[in-house]
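Visitor: Supplied in structure tokens, the structure appears directly below.
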């Protein structure tokens with residue numbers, strides 16, 4: 001009976017953590033997108049974020065197994081600067097391709113398929129969106145069996161898949 005009570009307590013704590021994290025994400029998004037910092041709009045953001053987090057935290061954090069949710073969020077926020085740097089590098093690569101005198105020889109569009117080792121829907125979602133955010137690659141399809149289909153603009157972009165990005169995302173959820 002004590003084990004069951006501990007399980008229920010852990011489940012409640014995980015759900016509260018998921019609701020708090022959902023509230024934080026919603027409120028941060030509200031502040032960034034609203035651009036208004038008066039008391040009325042900030043309070044409206046608190047109320048709206050609270051309603052959303054109470055009713056739909058399971059959408060953002062579907063598994064209660066994330067007892068280490070704060071560590072995962074921290075790792076995700078540390079992943080964002082790395083991703084932005086990769087987007088910058090990919091933009092430089094596309095700039096090079098665009099202004100290359102023999103551009104038509106450099107561009108070699110191709111469809112790449114690979115199997116991901118990531119676990120969980122959120123990890124797959126972040127990976128697919130990260131690939132698409134990086135210029136020169138677009139995620140076309142992700143199967144339920146974790147098979148990715150990606151369009152790459154040239155051979156170097158195709159060879160980089162799945163690469164370091166998958167490792168970084170795997171580290172977020174470790």
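All of the numbers you see were taken from the coordinates with simple rules; none came from a lab. Since we're looking at a predicted model, the values are computed, not measured. Cβ: placed from backbone, ideal geometry, glycine included. Neighbour counts: every protein chain shown.
Visitor: Apply 1/(1 + (r/R0)^6) to the Cβ-Cβ distance of residue 174 and residue 92, taking R0 = 25 Å, and write down the FRET efficiency to the nearest 0.05. Working shown, then result.
Guide: Numbers: r = 30 Å, r/R0 = 1.21.
So the FRET efficiency works out to roughly 0.25.
Visitor: Please list, in order, the residues from the range 148-165 whose amide nitrogen is less than 20 Å from a point placed 7 Å along the Cα→Cβ vector of residue 68.
Guide: 165
Visitor: What ranking do 112, 138, 150 get, fewest neighbouring Cβ atoms within 10 angstrom at the top?
Guide: Ranking 112, 138, 150 by Cβ neighbours within 10 Å, fewest first, gives 138, 112, 150.
Visitor: Peptides 122-135, 37-50, 96-109: what's the order by average Cβ count within 10 Å, highest mean first?
Guide: 122-135, 37-50, 96-109
Visitor: Can you give me the angle between helix 163-172 and the longest principal axis of the chain, using Cα atoms only, in degrees from 0 to 90, rounded to the nearest 10?
Guide: Value to nearest ten degrees: 10.
Visitor: According to the square roots a ≥ b ≥ c of the eigenvalues of the Cα gyration tensor, what is the shape class of the range 78-164, taking rounded for a/c under 1.5, prolate for a/b larger than b/c otherwise, and oblate for the remainder?
Guide: Oblate shape, in that a/c is at least 1.5 and b/c is the bigger or equal ratio.
Visitor: With mean projected area of the Cα convex hull in nm² defined as stated, name the option among (i) 17.6; (ii) 8.5; (iii) 13.1 computed from the structure displayed.
Guide: (iii)
Visitor: Assuming 0.36 nm per residue, please report the length gained on full extension of the stretch residue 54 to residue 159 beyond their Cα-Cα distance.
Guide: Roughly 33.5 nm would be gained on extension.
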